[in-house]
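As structure tokens, the structure follows; a few thoughts come after it.
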2 protein chains.
Amino acid sequence: MPLETAEDQANTPVEKPLRRDAERNRQLILAAGRELFAERGLSVTLDDIADRAGVGVGTVYRRFPDRDSLVDALFTERIAELVASAQAALALDDPWQSLVQFMRSHMRAQQEDRAIASVVLTNSHGHEAVLRAKARLQPIVAQIVERAQAAGVVRPDLAISDVPMTMLMLGSVLDATRDLQPDVWERYFTIALDGMRPTATTPLPCAALDTDQIPEAMRCGLANRR
Amino acid sequence: MPLETAEDQANTPVEKPLRRDAERNRQLILAAGRELFAERGLSVTLDDIADRAGVGVGTVYRRFPDRDSLVDALFTERIAELVASAQAALALDDPWQSLVQFMRSHMRAQQEDRAIASVVLTNSHGHEAVLRAKARLQPIVAQIVERAQAAGVVRPDLAISDVPMTMLMLGSVLDATRDLQPDVWERYFTIALDGMRPTATTPLPCAALDTDQIPEAMRCGLANRR
DNA sequence: TCAAAGTGGAGGCTGCTTCTCAACTTGCGG
DNA sequence: CCGCAAGTTGAGAAGCAGCCTCCACTTTGA
């Protein structure tokens, strides 16, 4: 039996180092993808990205067999940043500020990058890398909400699933207004937060979605944003 | 000089009565359009509508030169209903209930008809008939909000434009959840309403959109819903 | 009865995206 | 400095979806 290759040993494909020009192009493509996804959302075409990167489409397809591979490469890191900021939020002493800060940093991320909501909230984009990154997010959110609830700083009928749904809602405002007045979402963010406090006690008239219904809901709610 | 035709006199094209079969088909097309727009939103194609109506595409195009003519024919009446329910809301004694009832009936309309938000909130669909119908809505909404403000039943920094924006937000929840649990929007409706009450006093951190920016915002925010 | 009105739906057109391929260029180990 | 594997390119194939036209045919009603 022959010696195993590094690839076999690690079970992750070795990246035999790319030729220098190829690596340079890869970086150009990643940079272009980052910019374009941020500016115009997930609906940009790989042709657009090739143009912006100053390379041919063929080069893009050689490096990233499909759009999701590129998404994977680009968003794993962005999501890790979100996870980090969620952890930072969770580390705050004040359970209410913890929730507020988490939601706000999520919204800021959406404001800076049109595509991030689609990737984070649905399961329709990217491959395993993105999935794994997202898997770390959900329990932190749950902790943040549960802690707020235990501390009595949110209305008692608030559910975990209300947080992503609120993100979705505010995201629609963001999309509508980013070209006119990119900060207006903060008005509705404030309204939503005030509506979540325990002082706002009109009982919520309907059961919340289960957390496991959220991906499906987001798939529908963001279908249009690609 | 020949006698003027009725058309010239009225400046509205006379509808010389259609042949019986043609009129029957027209009704079939309208019914199909109503159903399909309600079920699937404005993005249904005229081909789809022809199928549902059981007529050929050609027949649809003969009767309605473009999608917007059909939208005009279908939504003028729906919008008139909205105007009526807004007036009914305005007629209530309690200024707060007035606002709540208006918004709720608007949401109900959205729940029953996927297309109505796109038609009512943007200026991108339909022709003059729809425009004229909508023109009657805006001043009523303004009155409802102003009265609520004068009575001190909403936070003082609430703007008129916050109402359509809230509709947009809640609409995104509705779209996301209608197939899972069509009433969940009421949770977020409640949260939003609680956040609009004067007890919720975190000051709104950003100026509201002008009412005349609303159509543009809605055009962006609903672009995806067609 | 028959001209005018109306019909259907295959198919042309346009516009968009994804992805391929064959001819060409470049980097680098020997 | 050479040769070739690796890389590049971009036109265009292929596929799809929607919009709308056209004309041989049917139906209506004066």
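The values are calculated or read from the model by the stated rules, or taken from the named source; none is laboratory data. Just so it is clear, the model here is predicted, and its values are computed rather than measured. FYI the Cβ positions are ideal-geometry reconstructions off the backbone, even for glycines, and counts take in every protein chain you see.
Laid out as a table, the results:
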item	result
Answer from A:V120, A:V55 - the residue that is buried (at least 17 other Cβ atoms within 10 Å of the Cβ), of a type in the set (A, V, I, L, M) and more than 30 Å from B:G221 (Cβ to Cβ)	A:V55
Subset tally (residues that are surrounded by 10 or more Cβ atoms within 10 Å (Cβ to Cβ) and either at pLDDT below 85 or of a type in the set (D, E, K, R) (or both)) for region B:9-27	6
Residue satisfying condition, being in a helix (DSSP H, G or I), of a type outside the set (K, R), more than 16 Å from DNA strand C (Cβ to nearest atom) and over 16 Å from B:A22 (Cα atoms), within set B:L36, B:L92	B:L36
Contacts under 7 angstrom Cβ, first residue in region A:144-164 being hydroxyl-bearing (S, T, Y), partner in a helix (DSSP H, G or I), 6 or more apart	A:S161/A:T211; A:S161/A:I214
Boolean, A:A223 is more than 20 Å from the chain's Cα centre (by Cα) and aliphatic (A, V, I, L, M)	no
Extreme residue, farthest from A:A38 (Cα to Cα), among residues of region A:52-71 that are touching a residue at least 40 places away in the same chain (Cβ under 8 Å) and not charged (D, E, K, R)	A:S69
Selection status of A:L170, surrounded by fewer than 16 Cβ atoms within 10 Å (Cβ to Cβ) and either facing chain B (nearest Cβ under 7 Å) or within 25 Å of A:I140 (Cβ to Cβ) (or both)	no
Pairs with Cβ under 6 Å, 6+ apart, first in region A:23-45 and within 14 Å of another protein chain (Cβ to nearest Cβ), second within 16 Å of DNA strand D (Cβ to nearest atom) and of a type outside the set (A, V, I, L, M)	A:L42/A:R226; A:S43/A:R226
Count - residues of region B:141-152 that are at negative phi and surrounded by fewer than 19 Cβ atoms within 10 Å (Cβ to Cβ)	6
Residue match in region B:126-149 (condition: within 8 Å of another protein chain (Cβ to nearest Cβ) and among the small types (G, A, S))	no
Qualifying residue in region B:48-55 (condition: away from chain A (no Cβ under 14 Å), away from DNA strand D (no atom under 13 Å from the Cβ) and in a helix (DSSP H, G or I))	yes
B:D179, sole failed condition from (1) out of contact with any Asp or Glu (no Cβ under 6 Å at 6 or more places or on another chain); (2) modelled with pLDDT under 95; (3) assigned to a helix (DSSP H, G or I)	(3)
Selection from region A:187-210 of residues that are closer than 16 Å to B:A159 by Cα, facing chain B (nearest Cβ under 7 Å) and in contact (Cβ under 8 Å) with a residue 12 or more places away in the chain	A:Y188, A:A192
Residue in region A:132-150 that is in a helix (DSSP H, G or I) and touching an Asp or Glu at 6+ places or on another chain (Cβ under 7 Å) present	no
Residue satisfying condition, being more than 7 Å from chain B (Cβ to nearest Cβ), among the basic types (K, R) and in contact (Cβ under 8 Å) with a residue 60 or more places away in the chain, within set A:R225, A:R178	A:R178
Residue selected from region A:56-108 under the condition within 14 Å of chain B (Cβ to nearest Cβ) and closer than 30 Å to A:T45 by Cβ, by the criterion farthest from DNA strand D (Cβ to nearest atom)	A:R108
Index of the failed condition, B:A133 passing every other in (1) buried (at least 21 other Cβ atoms within 10 Å of the Cβ); (2) within 22 Å of A:L180 (Cβ to Cβ); (3) small (G, A, S)	(2)
